[in-house]
1. Would you pick out the residues in segment 651-674 that are in contact with a Phe, Trp or Tyr (Cβ under 8 Å, 6 or more places away or on another chain) and either open to solvent by less than 50 Å² (accessible area, probe 1.4 Å) or more than 19 Å from L640 (Cβ to Cβ) (or both)?
2. Which of the residues belonging to segment 451-466 are within 30 Å of D152 (Cβ to Cβ) and either open to solvent by less than 30 Å² (accessible area, probe 1.4 Å) or touching a Pro at 6+ places or on another chain (Cβ under 9 Å) (or both)?
3. Any residue in segment 679-706 that's under 15 Å from S585 (Cα atoms): show its pairings with residues that are of a type in the set (D, E) and open to solvent by less than 40 Å² (accessible area, probe 1.4 Å) at Cβ separation under 7 Å, as long as the two are six or more apart or on different chains.
4. Looking at segment 378-406 only, could you name the residues that are loosely packed, with under 14 Cβ neighbours inside 10 Å and modelled with pLDDT of 85 or more?
5. Is there a residue in segment 778-789 that is open to solvent by less than 20 Å² (accessible area, probe 1.4 Å), among the hydrophobic types (A, V, I, L, M, F, W, C), touching a strand residue (DSSP E or B) at 6+ places or on another chain (Cβ under 8 Å) and under 24 Å from A684 (Cα atoms)?
6. Please work out if R194 is of a type in the set (K, R), within 29 Å of the chain's Cα centre (by Cα) and surrounded by fewer than 20 Cβ atoms within 10 Å (Cβ to Cβ).
7. With respect to L409, is the statement that it is open to solvent by 10 Å² or more (accessible area, probe 1.4 Å) and either over 24 Å from the mean Cα position of the chain (by Cα) or at pLDDT below 85 (or both) true?
8. Could you list, in sequence order, all residues of segment 720-747 that are of a type in the set (S, T, Y) and farther than 25 Å from L596 by Cβ?
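The values are calculated or read from the model by the stated rules, or taken from the named source; none is laboratory data. Computed from a prediction, not measured in an experiment: that's the story for all the values here. Every residue, glycine as well, gets a Cβ built from its backbone with ideal geometry; the counts of neighbours run over all protein chains shown. When the accessible area is computed, the model is the full protein with side chains, heavy atoms only, and any ligands, DNA or RNA have been set aside. Shrake-Rupley method; radii C 1.70, N 1.55, O 1.52, S 1.80 Å.
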Amino acid sequence: ALAAGALTAAGFEVFSEQQILRLDNETRVVEYNNTELGSTVVDDFWAKIDYVYSPLDGWNLIKYVYLGCFNVHFTIAPEESWTEKILSADEDSEDCVGLCNGTQAYFRAPSCRCAVNDTEIPIYERDECSSVTWDVFREYDYRSQMSQTAYDVARRFLYQLVTVRVPGLDPLMRNYIHAINVFENRPMWTYDARLERTVFNAVWDFRKSRLTALSWYPDTDAELYFTVVNYNTSIGTLVVEQVHTLIPPADVASQALVTSTMSVDGMGTIDILYGTYYSVVPAYVEESQFVVHAIMAIDIDRRKVLHSLTLPITLMNMQINALYHQLYGVGMDLLGQLQYYELCNATNVTEEVGNVVRQTAEVVCGARILGELPSEMNHMYLQSASIDHQFNFAWFTYKETPTGRPLILEFHQSQGEYIRWREDSLALEAGFTSLVQTAPRIIFVLYPPALESAIFNTAGTKIFLTFSSPTLQGAIPQDADGDEIPDFWREEDRILRAPCETFLDQFTMALIPGSMCQWSSDSAMFIEITRDATILPGDLVRLRSNRIYAGRLSPSGIAQFSQPSTDFKPVLVPEVILWPTADISGYALIDSCTALTLDGTGSRDYGYRGPFEWGIVRSDPVTSEPHMRQIEQILRDEKLADRYLNPHIITVPKYQLLENHTYYFSLQVTSLWNDTYIDTDEHAVTVSPLPVPPITIFGPSERVQDINEDLTITALILREGCLEELPGFRIPVTNYEWTGCLQADTVQLGASVTGCTAWETALLQAGERVTGKNARTLNIMGFTLRPNSSYAFTVRASLLASDGTGVVLSNLATVFVNT
């Protein structure tokens with residue numbers, strides 16, 4: 001049945017490694033499923049998948065495997081068979097591989113050599129590296145060993161099983177494990193290892209740092225082996241141990257065809273808590289033309305088949321829920337119908353052998369149908385599947401037609417229901433796709449902190465992030481004993497404030513360059529964005545993949561952790577969107593020798609990056625059209641000169657405005673959150689024919705004041721403009737005089753200024769609560785102003801010539817205050 005409104009994979013830590021088939025020649029018309037030589041190339045693409053937002057940005061992985069240390073005889077190779085570049089001190093083998101661009105690479109610092117014809121360059125393998133050996137790397141186009149991607153949860157590495165042909169070596173064909181740090185898009189060549197055998201149906205057991213698989217060796221008679229490849233890094237370097245155990249045909253179900261060449265189908269999974277490896281071998285059913293599967297459950301430590309049963313179905317994939325120890329899979333019955341099955345159940349039992357008591361798993365298999373799958377699922381990808389152990393959800397890929405696009409189906413085992421993902425959840429060119437649950441919550445019992453919300457504040461200066469659970473605030477779990485499982489964290493490692501690239505990924509940082517992040521609690525942080533930001537509502541905030549963990553101490557004092565979160569959320573508009581208020585402050589009376597500066601930074605509620613549009617409305621008296629166009633051009637030039645193309649402050653150069661004229665400038669401010677929310681302010685500037693010292697009151701021309709708080713207003717009169725040419729004003733005597741009144745009592749004091757002529761009675765009687773009446777700064781103590789009132793404060797400032805002539809030049813300005 002189709003699940004309606006069920007919880008889907010949004011927020012789960014499910015990733016995909018997609019084998020993307022891309023055309024070498026984009027002008028050629030070929031099907032993506034063709035096998036024509038040279039028509040396609042395979043890219044490895046790693047990206048998170050999500051029910052709502054897929055496809056998401058990801059990375060193309062570097063497909064070079066480390067072959068080992070070799071003596072390379074360049075001296076006897078033709079000079080034209082290789083090229084060389086000497087690398088700098090900060091360049092390494094990864095840079096060398098990038099330079100070689102698909103050819104075989106040879107690295108011995110500082111030398112990087114790239115093969116032009118590797119068949120002409122003799123190489124001889126060495127067991128140990130030395131100062132005379134070369135590190136050799138070879139590109140692979142596709143993984144030729146049949147296995148789903150192996151993911152190391154503890155190290156956060158992806159392991160690919162690759163086969164390459166290396167000219168000049170015996171044997172020519174070689175098998176390797178290749179490690180990739182997919183969250184940093186880097187190869188981890190120190191973890192590459194050559195495999196002794198051809199392995200398949202491989203699964204990574206992150207509980208004990210080992211690869212489990214079936215295998216065979218070409219020189220044998222196709223006998224099937226169980227292989228364990230142990231990775232140990234407790235001494236600081238990688239030690240690899242490979243153990244191969246023959247699987248006796250007698251230990252497998254009677255109808256099974258136990259040969260290695262018939263078992264290569266990629267299907268394998270592991271119950272890491274019980275230490276049980278599950279895989280399949282083909283089998284036959286009497287009186288049927290179908291080849292079906294026999295399940296094998298193998299005890300990894302004892303390397304013994306615990307249970308085997310031939311099922312009347314042909315399996316397409318299998319997944320195990322390691323918390324409930326139940327094996328599931330998609331299979332086709334003998335009637336050709338695809339069903340979803342519960343295949344096996346395991347229980348933990350105690351065995352006593354002599355004086356030894358040990359725990360083992362008791363496995364019972366069958367084929368209980370959980371639900372039918374859609375009839376249009378005609379073509380399944382083998383073992384392209386993943387599972388979430390906590391929610392008991394599975395995901396797998398399929399096609400409706402052989403040449404159609406790859407699709408994802410999500411199955412809820414507990415309800416027997418499924419959900420189809422959107423058609424474009426995977427790239428059209430995706431061939432085989434490995435689905436990986438990077439945070440399975442088995443050893444790491446806590447779920448990665450999920451982003452619950454990302455929302456702008458009303459001012460637009462911050463983005464508030466909230467998490468579903470407490471985090472370690474950037475502290476990283478530490479491993480005390482080298483087993484790759486963390487044991488503690490350091491409280492002093494919490495990063496309470498840092499550049500946002502510490503916590504957010506590169507795709508997000510491209511939208512918010514230069515931003516800072518600060519934690520307000522262990523489950524909430526905010527981003528302080530700059531005007532360089534381009535992030536808008538609907539854009540995604542994505543967490544960096546190796547920084548945000550959950551951690552807690554159990555009642556017994558044992559530290560428990562999550563995998564690092566890679567969650568994301570679209571940024572929402574503020575909960576409260578206010579109508580913007582445009583405000584222009586600046587000179588109201590100047591002379592023609594003074595540059596006019598108009599300041600719009602007192603505007604508010606426009607969302608920090610909302611558009612500002614400056615204009616010239618009119619002049620009084622009316623001036624010529626060319627003159628007005630010249631001023632308009634100045635305003636356009638101011639916009640182009642601003643790095644954000646959105647100037648909050650503009651300047652009209654001196655000598656551009658005509659004497660005995662009043663100019664009316666406008667500022668239109670639009671809300672970032674809603675482009676229909678617009679406010680406009682006008683500001684009048686009168687140009688005097690006489691010298692006038694410019695005066696300004698710092699801050700908005702109209703402001704809101706809490707009556708509980710002290711009010712401070714500062715003005716400044718400048719010795720600038722035409723008076724600079726007058727004698728006696730080099731060091732003038734400066735005077736300030738303030739008056740304050742109710743806004744309703746203001747009068748016109750000049751062509752461009754309204755203000756107060758006398759103090760309002762209550763303010764006059766306030767005594768020492770109002771200070772600085774004859775200073776640059778006026779101070780009014782809290783509770784002096786009446787609530788819900790509008791006031792005006794006017795400053796008259798003058799400059800007295802110091803040459804004894806008695807010449808005084810003055811100016812005035814007013815600011816309005818609403819309580």
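1. L657, F665, S666, L667, V669, T670, S671, L672, W673, listed by residue number.
2. Of everything in segment 451-466, those that are within 30 Å of D152 (Cβ to Cβ) and either open to solvent by less than 30 Å² (accessible area, probe 1.4 Å) or touching a Pro at 6+ places or on another chain (Cβ under 9 Å) (or both) turn out to be L451, L465.
3. D681/D583; P700/D583; S701/D583; E702/D583
4. T401
5. no
6. In short, no.
7. So L409 does not fit the description; no.
8. If the condition is that a residue be of a type in the set (S, T, Y) and farther than 25 Å from L596 by Cβ, then T739 is the only one that fits.
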